[in-house]
Amino acid sequence: MSAGLNPAQQEAVNYLHGPCLVLAGAGSGKTRVITHKIGRLIQAGLEAKRIAAITFTNKAAAEMRERAKGLIGRPAKDVLICTFHALGVRMLRQEGAVLGLKPQFSILDSDDVTGILKDAGGTTDAATARQWQWAISLWKNMGLTAAQAEAQAKDDNERVTARIMARYEERLAAYQGVDFDDLIGLPLKLLRDHQEVREKWQAALGHVLVDEYQDTNATQYELLKLLVGARGRFTAVGDDDQSIYGWRGATLDNLKKLPVDYPQLKVVKLEQNYRSTSAILRAANNVIGPNPKLFQKTLFSELGEGEPVRVVDADHEEHEAERVVARIQSLRAGGLGKDWKDFAVLYRANHQAKVFEQALRKAQIPYKVSGGTSFFDRAEIRDLCAWLRLIVNNDDDPAFLRAITAPKRGIGHQTLQSLGVFAGKYKLSLFEALFSNSLPSALASRAIGSLHEFGRYVNDLEYRARHTTGAEDARTFLTDWLKDIAYEKHLYDGEDNEKVAAARWTNVLDFCDWMAQRCGGQIDDTAGVTTASEKKTLMEVAQTISLLSTISEREQEQNVVTLSTLHASKGLEWPHVMLVGVTEGMLPFKLGDEDGPAGRADGVMSEGILQRLQEERRLMYVGITRAQRSLAVSWTKRRKKGREMVQAQPSRFIAEMALEQSTVKEDPRAKLKALRAEFAQKAVDNAAAAAAAAAAGAA
Ligand code: ATP
Ligand code: MG
């Protein structure tokens, strides 16, 4: 299992009988250590089913399973490779009875939780309930019970929330429901309070490996500790510079605590980066430089200097998206990226995906949105696309079924079912069947009337779409259509939460705007751009949309451009990465009430703001280090702030990236020896300092 591993990696892989921490920067082969160590443990005689490898996401688990299979073959399938939460589910299904939980307990999703909290807190306001949800989740992640939260509450607001938490917990128990945080909290309770369960699990697990250790929270730490027991047979790998889930309760204390709780801890550092070129790595090192160091580490790469990091400026988001698409096309044309899957576009927040999706669709480039819902996958947009597909092709049955029920128009399930049977019998499409003279007599005349009305309306729309040209007329068409089918009302009727309904309606309006723009022929300066394009009919534009819906089928091949949030990109890599929206106020995200460097009037940052800036900096570092061969960073001169366009500046991180404070030296090997000695000393110092701090804390 030592092939393809450097000496430091081998050291970590071969250390089998005690606690081991691999602490290293991005792309240094930490995840690779985990996969290889699974193989090594099996080779050394540990049964596969006694090994657990814990990843941060389900997707990472799937990928690790694949890699392990490639490396060790069949036994890999018996290794428990999953997230902490999935491990929690397994433990609760097996052992939950001890806590009074039935094996078929239900796992509540976030909406269920909001609902229960509304009830428990006596409010109908979802926003208030979500605030409680957030606070309660943080407490649970810190391992606090409702009573403990109340005892340490800082103000009335917190006291009230803690009392609501108590009622919420009672209800969960009554419903036999567990929330996401319970999937860690309850297994922890199980192990802590029930010796026989604890001993059973400790005996069952011979070694536990944890990837992305820097993003574990306090309860996960305790759970791990109880799972491995005093022998501490575990391997944790992580990078303090990539801790980006502080806002969700992850804590770097978990890194500091390890050498204290396990004095025999073996710390291995990896210094060589195998992922990125020196140019990319230098940008990454420069950005993370100003953050305080928990552990000193320096990365080098032997992949050569490579392409310089590009900074791309754009006037506004749409322009930025066009430039990004143009870059993808030109890299591909130049033979630098063969496959679509070689490219990733990464951004701070989910909502930023939309303009990039639209630009990629326009250029007919297949893509997937990971870590969020694609704009075009949203229910409301699918509804509208179904209508458009139906007017383009009346025989598109799936589109028919969706459009006829969005919104519902008094045509019931039974009617549609009879129509379907009839259509099947005579080999007609549903739309053809609807106009047949011999519609089954079983259908009530009222139902037939409604079907006819729908059919005539679709015909009418189709006619109008053929005769609507240019953006302005298209807008009128789209507005009339939405009014005709009362789509806004449909959204609000179908959604308890008004804010959600409003957001959906905004998506609908955005979509219509986008459609209208495609119809062209207009001087459009809504976003500060001036574009005059050739006029198209609405029908022509609708046709390209239905064509594009085949993109989702191509997605199956997975040879697609990835659009992802920075958070969801952790642990992954692509040859070509484009970091977009690297605009002050977006990344770093606005730090204070004001957008600027902000904080206080005297220019000194408050502690809270400073910490948030540090986390944003780590997020940028994660983004940069996803790139293997080329990296482009883009920002916009104007950006949306609410409904307005405001002037914007490039992110401070762009300037920092370029600082010529290279940590990548000409001859890395020469420096390496000195660094190793320095690291070894630092590790000892850090462990000693942490132990002293803990001792002081205990006293
Ligand atoms: P991140 O911090 O982003 O999670 P990581 O430290 O987990 O990164 P890996 O994903 O394990 O790094 O490795 C990065 C890349 O380098 C992968 O493509 C991996 O296959 C490759 N790699 C790692 N170690 C070696 C090695 N010793 N020889 C060759 N390639 C390696
Ligand atoms: Mg990794």
Open item on the list: Just to verify a result, which residue in the stretch 21-45, among those that are crowded, with 17+ Cβ neighbours inside 10 Å and more than 15 Å from ligand 1 (Cβ to nearest atom), is nearest to Val228 (Cα to Cα)?
Closed with: Leu41
TODO: Would you point out the residue of the stretch 579-625, among those that are of a type in the set (Val, Ile, Thr) and at pLDDT 65 or above, that is surrounded by the most Cβ atoms within 10 Å (Cβ to Cβ)?
DONE: Thr625
TODO: Would you check which residues across the stretch 626-637 are over 19 Å from the mean Cα position of the chain (by Cα) and surrounded by 19 or more Cβ atoms within 10 Å (Cβ to Cβ) and list them?
DONE: Gln628, Arg629, Ser630, Leu631, Ala632, Val633, Ser634, Trp635, Thr636
TODO: Look at Arg198 and say whether it is surrounded by fewer than 22 Cβ atoms within 10 Å (Cβ to Cβ), modelled with pLDDT of 95 or more, away from ligand 1 (no atom under 16 Å from the Cβ) and over 27 Å from the mean Cα position of the chain (by Cα).
DONE: yes
TODO: Evaluate the following for Ala68: is it of a type in the set (Gly, Ala, Ser) and either surrounded by fewer than 19 Cβ atoms within 10 Å (Cβ to Cβ) or within 16 Å of ligand 1 (Cβ to nearest atom) (or both)?
DONE: yes
Open item on the list: For the stretch 219-246: of the residues being over 25 Å from the mean Cα position of the chain (by Cα) and assigned to a helix (DSSP H, G or I), which is farthest from ligand 1 (Cβ to nearest atom)?
Closed with: Leu226
Open item on the list: I need the full set of residues from the stretch 131-186 which are among the aromatic types (Phe, Trp, Tyr) and part of a helix (DSSP H, G or I), in order please.
Closed with: Trp132, Trp134, Trp139, Tyr168, Tyr175
TODO: Give the stretch 630-646 a look and list any residue that's within 13 Å of Glu320 (Cβ to Cβ) and among the polar types (S, T, N, Q), or say none.
DONE: Ser634, Thr636
- [ ] For Leu346, state whether it is assigned to a helix (DSSP H, G or I) and on the phi < 0 side of the Ramachandran plot.
- [x] no
TODO: Among the residues of the stretch 201-218, write down those that are in contact (Cβ under 8 Å) with a residue 60 or more places away in the chain, surrounded by fewer than 23 Cβ atoms within 10 Å (Cβ to Cβ) and assigned to a helix (DSSP H, G or I).
DONE: Trp201, Ala204, Ala218
- [ ] Within the stretch 424-452, work out how many residues are in contact (Cβ under 8 Å) with a residue 24 or more places away in the chain and either touching an Asp or Glu at 6+ places or on another chain (Cβ under 9 Å) or of a type in the set (Asp, Glu) (or both).
- [x] 4
Open item on the list: Checking the condition closer than 22 Å to Leu538 by Cβ, of a type in the set (Asp, Glu) and touching a residue at least 60 places away in the same chain (Cβ under 8 Å), which residue from Glu488, Glu472, Glu462 passes?
Closed with: Glu462
TODO: List every residue pair whose Cβ atoms lie under 9 Å apart, where the two residues are 6 or more positions apart in sequence or sit on different chains, the first residue falls within the stretch 398-422 and is in the same structural domain as Ala447 (by TED's automatic domain parsing), and the second residue, located anywhere, is polar (S, T, N, Q) and assigned to a helix (DSSP H, G or I).
DONE: Ala399/Ser546; Arg409/Ser450; Gly410/Ser450; Ile411/Ser450; Thr415/Ser450
TODO: Only residues that are modelled with pLDDT under 80 and either more than 14 Å from Ala174 (Cβ to Cβ) or surrounded by 14 or more Cβ atoms within 10 Å (Cβ to Cβ) (or both): list them for the stretch 104-114, please.
DONE: Gln104, Phe105, Ile107, Leu108, Asp109, Ser110, Asp111, Asp112
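The values are calculated or read from the model by the stated rules, or taken from the named source; none is laboratory data. For clarity, every value in this text was computed on a predicted model and none was experimentally measured. Glycine also receives a Cβ, built like all others from the backbone with ideal geometry; neighbour counts cover every protein chain displayed.
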